[in-house]
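Nothing in this text is a laboratory measurement; each read-out follows from the coordinates by a stated rule. As the structure is a prediction and not an experimental result, all values here were calculated from the model. Every residue, glycine among them, receives a Cβ derived from its backbone with ideal geometry; neighbour counts consider all protein chains shown.
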Amino acid sequence: VNLRDLTICDATVQMLEKARRDGVETAFDRAISMKACPIGADSACCKHCFMGPCRLNAKDPYGKVGVCGATIDTIMARNFARAVASGSAAHTDHGMGMLDLFREVVKGHAPEYRIKDVQKLEQVAQSIGIEVEGRTPEDIAMDLYKELERTYTQVEGEIPFAQRAPKKTQETWRKYDMIPRGSMREIMEMMHRTHMGVDQDFENLTKQFSRTALADGWGGSMVATEISDILFGTPKPVAVEVNMGVLKEDHVNVIVHGHEPNMFESMLVSVNEPTLIQAAKDAGAKGINLVGMCCSGAEMMSRHGVPHAGNFMSTEAILVTGAVDAMVVDVQCIKQGLVKVAECYGTPLLTTNYRCHIEGAQHIQFNETKPSECTDEMVIKAITRFKSRNKPIEIPKMRNMGIHGFSHEYINYMLGGSFRGSYTPLNDNIINGRIRGVAGVVGCTNPRVKQDWVHVELVKELIRNDVLVVQTGCSQVALAKAGLLTPEAAHLAGPGLSEVCETVGMPPVLGLGSCVDNSRILIACTEMVKTGGLGDSIADLPVAGAAPEYMSEKAIAIGQYFVASGVYTVFGVTFPIVKDTKFHDMLFRRMEEEWGLGKWGFTPDPYEMARLMIAHIDKKRKALGI
Ligand code: BF8
Ligand code: SF4
């Protein structure tokens, strides 16, 4: 296999070459030797009970049913629902972790953290009807905590952030009973209803997994984003370097890879601790070099300009440099395969969250009441490893500067000139046609497709057609490595978009942060609706979404909450569903045509994907008469 067929990331290629020489195996190798199961890929199997597992025939979907009689539509809808439940659980549990920290901060139990962004606190509180005038931040924060706890624990009613959505979008949700009560209840009910012998109507299941997904997008993910902004600061544009070249041979290199910003924030404090810097120098290093990977890396680069070393499919490859003195992880997207690679290069792999131990990794529990205890200890471990480096080090030279940290608040500010301004200039540019529409391109990388390639080709095609692109997660890092998160990339955009970019001095591709920060896109869409001229609901907007190289269940949850919010969303790689079935028709047509929401699309081809998204944007423009 030619390594250039596996990834367009030069640094990853270089490290995969070295891995071959070193006899080290990665997920790329395993994806080649282990072909995907064709029955599972179509979601034509069920193991929800022990009369099975049952296999249906995707080529003749209605020719057979499971032992219990379950049809292909029931089986696919249940499998899809469980992916949504799992993905939503991941984001909402992350959000709950942030909310737990927020509560401890408000109560004064976590003295090393504080409310950093009072303006954001007030804005978020106001957005759900909490009085802020003449009150102390502590008072407002306590009320906000109590309100947001309902996102999780509420048994009846509507989760608080649902009221931020456009009125018409809310009405559609209410009509189909889709507004989440509390995420714990929705996820529990979803698991119940997909148990053997319960909900066996794909349409009814679609309503519940939409509600479950909305409990993620307008619930758990949004809580994660907003509370993180309040505690750690709302991102503003910042120039940051990405790619493996951010490692420094003469420094102690610490990588943090995961999702929750709290431990990473504390790590940032630890690496700046004078005694630890001195210890690193005593060990012969010039200093301590902290870099991020994956989503917590994306948050830290947006908020603090911490360099980013790469996305999901580069986490094993970067260990092959031999230059990583510690890889610190928390939760989600952490391949168990890292253990072996880390072992080969003598890199400590350190888990920190009680939810995520990995056999063969060392666990150092992170505790928010004494955060630096854990992070200091990990830095010391990294320094020790630096001292005992005994193998040749090879760091790929690639480094790409880009601008990151475009919160929806900042987009507002950038285009409108004031934090309390409006989205009027964006809407105006859409209405006058300079900007054709807005596309969210997000999600993972996946060894079943050429790493970064689908992301990059898709985004280039979109901006060439005057579609402004907003990004999060591993996709944002793919484009940053390709150099598109710079104002200079405006020349790759069509004439209208490049004119807007040049006037404002912004890149044609805006990086919004991590995967939970997809909630920023929901709010940006809402602002566009509320500003006027582009319809009454999110479903009216000339926007589309894509996750061209997705791999996780979280991506399915995100896709479903965008669809249920009114956005046409196209996935690549593979779609876990059999074509020409009733459930397929539900997701790919009926949700839009009959329920007035968004719908799904699928193609692995980036050019076709761009074409589908642009056609949808044009359809919405036409309906708006613009
Ligand atoms: O939440 S984009 S590979 S790192 S799942 Fe994971 Fe996918 Fe990356 Fe972040 Ni999102
Ligand atoms: Fe088979 Fe039905 Fe059991 Fe699923 S629930 S494994 S289709 S018998």
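Convex hull volume of the Cα atoms of region 295-352, normalised per residue: 83 Å³. The listed peptides 286-299, 234-247, 372-385, ordered by packing as a protection proxy, come out as 286-299, 234-247, 372-385 (highest mean of other Cβ atoms within 10 Å first).
Could you tell me which of rounded, prolate or oblate describes region 41-90, using a ≥ b ≥ c as the square roots of the eigenvalues of the alpha-carbon gyration tensor, with rounded for a/c under 1.5 and, failing that, prolate when a/b is larger than b/c and oblate otherwise? Prolate.
Starting from the Cα of Glu112, step 7 Å toward the Cβ, then list every residue of region 336-366 with an amide N under 13 Å from that point. In region 336-366, the label zone of Glu112 (backbone N under 13 Å from the point 7 Å along Cα→Cβ) covers 365-366. Semi-axes of the equivalent ellipsoid of region 72-232 are 33, 17, 11 Å, computed as sqrt(5λ) over the eigenvalues of the C-alpha gyration tensor in descending order. Across the alpha-carbon atoms of region 407-624, the computed radius of gyration and Dmax are 16.0, 50 angstrom.
Couplings 3J(HN,Hα) for region 105-116, derived from phi with the Karplus relation 6.51 cos²θ - 1.76 cosθ + 1.60 (θ = phi - 60°), are 5, 4, 7, x, 8, 10, x, 7, 10, 7, 7, 8 Hz, where x marks Gly and Pro.
Seen through its C-alpha gyration tensor, with square-root eigenvalues sorted a ≥ b ≥ c, the chain comes out rounded because a/c lies under 1.5. Secondary structure note: in the chain, about 20% of the DSSP beta bridges are antiparallel. When you count the other C-beta atoms within 10 angstrom of each residue and take the mean per peptide, 506-513, 44-51 line up highest first as 506-513, 44-51. Separation of region 124-168 and region 518-546, taken as the distance between their Cα centroids, equals 21 angstrom. Proximity of backbone amide H atoms, modeled 1.01 Å from N, is registered between Val570 and Gly545, Ala546, Ala547, Gly601 at under 5 Å, excluding neighbours fewer than 5 places apart on the same chain.
Residue ranges 588-595, 80-87, 35-42 sort as 80-87, 588-595, 35-42 when ordered by packing (mean number of other C-beta atoms within 10 Å per residue, highest first). The Cβ shell under 15 Å around Ala546 holds other residues with a net charge of -3, Lys and Arg each +1, Asp and Glu each -1. Only helices enter this figure: runs of n ≥ 4 DSSP H residues, each worth -39500 (n - 2.57), summed and divided by the residues of the chain, yield -14000 deg cm²/dmol at 222 nm to the nearest 500.
Would you please classify the overall shape of region 227-324 from the alpha carbon gyration tensor, given that a ≥ b ≥ c denote the square roots of the eigenvalues, rounded means a/c under 1.5, and beyond that prolate means a/b larger than b/c while oblate covers the rest? Don't jump to the answer; show the numbers that get you there.
Working: a/c = 1.99, a/b = 1.23, b/c = 1.61.
Oblate shape, in that a/c is at least 1.5 and b/c is the bigger or equal ratio.
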